[in-house]
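Working notes for the structure below.
The values are calculated or read from the model by the stated rules, or taken from the named source; none is laboratory data. The structure presented is a predicted model; accordingly, all values stated were derived computationally and were not measured. Every residue, glycine among them, receives a Cβ derived from its backbone with ideal geometry; neighbour counts consider all protein chains shown. Heads up: the accessible areas ignore ligands, DNA and RNA and are worked out on the full protein's heavy atoms, side chains in. Shrake-Rupley method; radii C 1.70, N 1.55, O 1.52, S 1.80 Å.
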Amino acid sequence: MNLSNRSCQLWTWTCLFHVVSLSKSRVRGLSTAASFGRMMVRGATLLPSSFPVVSSSFYHPTTHAHIPSSTYPSFSSWKSKSINKNRSTRAIFRTAKSSLPKNSLVSEEISTMECFSTLTLLEHINLNVPNHDYILDFYVKVLGFGLDPRRAQNVVKGSGTVWMNCGASQFHLPFGEEAQVIPGSIGLWYDSLDGLKERLEKYNQNDDEMDKRPFSEYTILRSNGHGDGNDDASDIVTAIRIVDRYGNVFYCRDKKDPIVVKVSENYEHIPEIMRIATQPVVTNYLPQDIAEYTNVAEQYGLKQINHELSTLSTSTDTVTDTAATTDCKGISYVEFLVPRNTADKISEFYNCVFDATTTVYHDASTGNDVAIAAFGSIDAKTGKSSQSLLFRETDQEIPPYDGHHIALYVGNNQADFEQAFKNAEEAQVVWVNPRFSDKATNLNTAKKWKQFRFKNIIDLETGKMIFELEHEVRSIEHEAWPGKN
């Protein structure tokens, strides 16, 4: 299959956007994906949300090596490139902003453009687990997640799929004889790491219980590059690295500064979806939770915080704590290790199939390229996105794909979703997982299920599979869309 000439017909380039650089401002061409029906900023200088500035340094998300702030990725260090350069239908037009007339309509639109990726929300990660032995304590009592009431009965009976929720995101944990492991790492975000640190330290108080703890190991990463054992009070905790009992690696960071998009002086700020959307959680104090889930609610339900409860109109007997929140606020990123010389092609794939905001970053500390696909809001000044998928090149041997998957929402209406399906269909990557009931093989069935799946990330020029990762792609019209909450 050769999409090098055909794929470009899916998009038309119609506008310019403003990219702030450390040295100067630039304007570059942008595909609005006419079929997507709204204007998107494409992040040629996108900064991944997984590389937060903490004090004067940050940590590499996979190796957690200390990297001085002088090497912090700036806009000038990003590869600003067209994935279809030299193709007339995808040409990049670069113009210095200073060359535009001050009263130019283009100049005015640049400063007021919405900064969003067409990938709306990275909603859940699906990992098989052999049983409930470790996952309940790990996700609830260590990471600070909440138990989803829609699968809580499986905990009561001691078997079956469990959903663990954090903010707008989830982990789906179905039964599987072999535990599934992400070949990379998972980034989680918190308002503060203090609670997580305290919960972890409880397991150090009794060495006799070490083998029973629901995780394998953890390391507190600090701003001077030291790990555990450093008692310098002035040394700031920048991240906590935790490995679960099966080998999945989690990097937990605080993310206090929201990305606030202001469309123009005349419009209100638009908050991040991942901060305002929520998943339901079982509590240990609401009457209906105690009645339905008994000991499970007592043991794994979200504890009451000092706030008032709100009564919903659905039932005079039902009281729902609308202010209840989990300590973990959501998934910040998922990073996958991929073969060498594939980052550019992976970035191209997401750019073409989803018209997503993508870029490729060269990590000078490791010599590796990292393809980045942004989700949600994008800060026009810093280039940071609400969430991201990272694909880090490596020479390491990558384990065979074990069937884990991610779920994401695309666009802001049904038409956006339908166009995403058409693009995936044209790329010939639409796929049905026989394990699940949804069987979306064409547009009509995709509309019926309000989702579709694909598994292969391909080289669009050759059709060759680059990387296997099942994607469950959903419309925001899907009944599980957390934005309606």
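For each pair in Lys141/Lys197; Lys381/Lys422; Lys384/Lys464; Lys141/Lys484, compute the distance between the two Cα atoms and list the pairs where it is over 23 Å. Beyond 23 Å between Cα atoms: Lys381/Lys422; Lys384/Lys464; Lys141/Lys484. Its relative contact order, with pairs defined as Cα atoms under 8 Å and 6+ residues apart, puts region 329-485 at 22 percent. Here the Karplus relation 6.51 cos²θ - 1.76 cosθ + 1.60, evaluated at θ = phi - 60°, turns the backbone of region 445-451 into coupling constants of 6, 5, 5, 5, 7, 6, 6 Hz, with x for every Gly and Pro.
Normalised by the number of residues in region 333-406, the average gap of Cα pairs under 8 Å and 6 or more apart makes the relative contact order 37 percent. The distance separating the Cα centre of region 130-153 from that of region 364-394 comes to 29 Å. Applying 0.36 nm per residue to the separation of Ser216 and Glu178 and subtracting their alpha-carbon distance, the gain on full extension is 12.0 nm.
If you sort Thr278, Thr238 by accessible surface, 1.4 Å probe, largest first, the order is Thr278, Thr238. In this label model, Gln396 and Met465 are separated by 2.2 nm, measuring between points 7 Å along each Cα→Cβ vector. Ligands, DNA and RNA aside, Ser159 has an accessible area near 60 Å² when probed at 1.4 Å.
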